[in-house]
Amino acid sequence: MDAFTPRREDRFTFGLWTVGNPGRDPFGEPVRAVQKPTRIVEKLAQCGAYGVNLHDDDLVPFGSSAAQRDAIVRDFKAALEAHGLVVPMATTNLFSQPVFKDGAFTSNDPGVRAFALQKTMKAIDLGVELGAKAYVFWGGREGTEADACRDPRAAIARMREAMDFLCAYVKDQRYDLVFALEAKPNEPRGDMYFPTTGHMLHFISTLQHAAMVGVNPEVAHETMSGLSFVHAVAQSMECGKLFHIDLNGQKIGRYDQDLRFGSEDLKQAFLLVRLLEGTDPDAAKAPRGAHPARQARYTGPLHFDSHAYRTEDDEGVWAFAVGSMRTYKLLHARAKAFDADPEVRALIAERRDAALDPLCARYTSENARALRAAPIDPVALAQRGLAWERLDQLLVEHLLGVRG
Ligand code: GCO
Ligand code: MN
Ligand code: MN
């Protein structure tokens, strides 16, 4: 036990499908035994996790009878109770079964779309019964290879119709539940609709019940496209839409690797933890122009959507789980030290201009007139070195533990 040993109050969660991943890939058979959900609950609790998340089919195998479902749910609830774990998030598997081979909510077939809604309503009921407060939508098969098969605008409209329907269902049932939409650029489809978190954020603003819908960004998914995950998360927080998060590790341009958090991208991971935990005291205050719903820090569950290398046995799986959580806590400690460093504070202190700032703060015809006439010297402005080299080196030294 040390300061970085995971504890319940750290709010770390894993999916049944993550630590339960048996190591099957497109080229090879499983390398580990399938574990019972109740055993996963017990092991996660021993590792210091706070919760366990699930797809409907992870817990209740597809095609189970109502009686089988009830028995499974009863045993699972008993395990949660016995080991003190919660289920903060649930989701629907809308990708494994052959019926979803060309999408679920965006399929051209009304029968498939209706089945997707039916399966999701039942899965929402299951999630709520287990105590979930967030419901994730990842459109695993919502995309194309033969792109002429449907107008992409029709896919977007169908997705909107499904979200509006399901939000209304949640309200009608009086469930205390929000939705979190998860973007991914490709895999398993050649191109998936809503490929980035930014696409999702705009889509959400067009929904009937937009207030109950946010995003679930995933490190691997934004990184696959070569985009900055930290910027995607920051944009979500800036408009109050970071409802959930999928933490893992990923190299740019590869298939979805779902690696242990911090295993590939330590600097990005450091900046991410710094952002989520709000260790920068200046960033805690909303700047001028901020969105009214801005989140200064993220207080929801910290979910690891990742799995152990295919080289690992059962012991390796739990080493992977503990490692994910420890790395988060280590990075949190480094981020606190970085933001408490007086040299860092001095370098990133916000500059003020007593004459110009008030003119830009609010549009009035007088301010515009005064601003047009203001003597601003772009050559002098450009001459100032910013010392970001020093700042970045300080970050590296904090990250490597030789400072602070
Ligand atoms: C993936 C996704 C999934 C989802 C999960 C929950 O690339 O496979 O990240 O793991 O997060 O289905 O919706
Ligand atoms: Mn993924
Ligand atoms: Mn995910």
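Descriptive notes on the structure:
- A Förster distance of 45 Å, applied to the separation of the beta-carbon atoms of Ser65 and Met1, puts the FRET efficiency at 0.50.
- Using the rule -39500 (n - 2.57) for each DSSP H run of four or more residues, divided by the residues of the chain, the 222 nm mean residue ellipticity is -13500 deg cm²/dmol.
- Average Cα contact separation per residue, the chain, under 8 Å, 6 or more apart, as relative contact order %: 14 percent
- Fully extended contour minus Cα-Cα distance, from Tyr255 to Arg390, at 0.36 nm per residue: 45.1 nm
- Once both labels are positioned 7 Å from their Cα atoms along Cα-to-Cβ, the gap between Asp147 and Leu371 label points is 3.9 nm.
- In the chain, the sites counted are GluC sites (Glu not before Pro) in DSSP loop states with at most 14 other Cβ atoms within 10 Å, and the longest stretch holding none of them, exclusive of the sites, is 146-349.
- Compactness check for region 1-133: Cα Rg over 2.2 N^0.38 Å is 1.16.
- Radius 13 Å from Cβ of Phe95, net charge of other residues (Lys, Arg +1; Asp, Glu -1): -3
- Computed log₁₀ I(q)/I(0) - Debye formula, equal Cα scatterers, no solvent, region 160-318, q 0.15, 0.17, 0.19 Å⁻¹: -0.87, -1.06, -1.23
- Relative to the longest principal axis of the Cα atoms of the chain, the long axis of helix 229-238 lies at roughly 80 degrees.
- Averaging the Cα positions of each part gives two centres, and for region 199-239 and region 50-68 these lie 27 Å apart.
- The calculated pair-distance distribution of the chain uses every alpha carbon pair, bins of 20 angstrom beginning at 0, and gives 24, 54, 19, 3 percent.
- Shape of region 343-399, Cα gyration tensor, a/c cut at 1.5: prolate
- Kirkwood hydrodynamic radius over Cα pairs of region 83-216, then Stokes diffusion coefficient at 25 °C and 0.890 mPa s, in µm²/s: 163 µm²/s
- Sites matching chymotrypsin sites (Phe, Trp or Tyr not before Pro) across region 27-115 that sit in DSSP coil, with at most 15 neighbouring C-beta atoms within 10 Å: Phe27, Phe62
- Between Thr299 and Val73, the simple label model (points 7 Å from Cα in the Cβ direction) yields a spacing of 3.0 nm.
- Here the label points at Leu347 and Arg362, each 7 Å from Cα along the C-beta direction, are separated by 3.7 nm in the simple model.
- Beta-bridge orientation, the chain: approximately 15 percent antiparallel, per DSSP, counting only bridges with both partners inside.
- C-alpha long axis of helix 388-399 to longest principal axis of the chain, angle in °: 40 degrees
- Listed residues Leu386, Leu271, Leu94, most fluctuating in the chain (Gaussian network, C-alpha, under 10 Å): Leu386
- Calculated FRET efficiency for the pair Phe27/Asp313, C-beta based, R₀ 30 Å, to 0.05: 0.95
- Euclidean distance between Cα centres, region 91-139 to region 140-175, Å: 10 Å
- Taking Cα atoms only, the orientation of helix 37-47 departs from the longest principal axis of the chain by about 40 degrees.
- Of the trypsin sites (Lys or Arg not before Pro) found in region 187-276, the ones in coil according to DSSP and having at most 16 other Cβ atoms within 10 Å of their Cβ are Lys251, Arg254.
Computed from the coordinates by the stated procedures, all read-outs in this text should not be read as laboratory data. Small disclaimer: the values here were computed from a predicted structure and weren't measured. Don't worry about glycine lacking a Cβ; one is built from the backbone with ideal geometry, like all the others, and counts go over all protein chains shown.
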